[in-house]
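Colleague: Starting off with a structure, shown below.
The values are calculated or read from the model by the stated rules, or taken from the named source; none is laboratory data. Keep in mind that this is a model prediction, so the values were computed, not measured. Neighbour counts are summed over all protein chains in view; Cβ atoms, including those assigned to glycine, are modelled from backbone coordinates with ideal geometry.
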Amino acid sequence: MDAAPQGEVTRLLKRLKEGDSDAGEQLIPLVYDQLRGAARRALAGERPGHTLQATELVHEAYFKLLGSAQVDWQGRAHFVAIAARAMRQILVDHARRRQADKRGGGVQHVTLGDAEAELALPPEELLALDAALDRLQEHDPRMRSVVEYRFFGGLTEKEIAEVLDLTVRTVQRDWVKARAWLHQEIYPTSA
């Protein structure tokens, strides 16, 4: 997964925070494959010919992150976690635009399975998940972060533990609890 030592990414993130625009140019090749993998997972369930492609999603998220000079980057996993949040926002905005164009039925029941499973959510489901994640933020912000980083960012339990300064076992417990909570929020009558 690492194309460069962890310290190199951290060093470039620090330079980026300090305003060194060259650091951004040097950083992207080191994190691009991981970001592209997260974007591919996020877009895997979209219809053929979809207007938003993985490369575009990576680029939009990356440019959004470059404007985040105030972030105190802590390393590769933290950067990818924040990128996952940016990708989620971009996908939700895209789904909202699609919903504005196309109203109506055909809602398909999709479960929040393993993070390795493809994200195949129609716009209605993605918007429901986004709203549920906002409610989960009020209930338990840490669990929301675990879901976001794993489901949207494809981070491993170990990487999430590093970003959130938790044990891997705590991340595993939060993932199980959050999935159950979200399922109840999104599908309240299917218990």
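Colleague: Please go through region 148-159 and give me each residue that is modelled with pLDDT of 90 or more and surrounded by 14 or more Cβ atoms within 10 Å (Cβ to Cβ), ordered by number.
Modeller: GLU157
Colleague: To continue, here is another question. Please enumerate the residues belonging to region 136-148 that are farther than 13 Å from ARG179 by Cα and in contact (Cβ under 8 Å) with a residue 40 or more places away in the chain.
Modeller: Hit for region 136-148 is HIS139, nothing else.
Colleague: In region 122-191, which helices (runs of 4 or more DSSP H) lie fully inside it and hold 1 or more residues that are within 22 Å of ALA61 (Cα to Cα)? If you could, list the steps in order and put the result at the bottom.
Modeller: On the way: elements: 123-139, 141-147, 157-164, 168-186.
Here the list reads 123-139, 141-147, 157-164.
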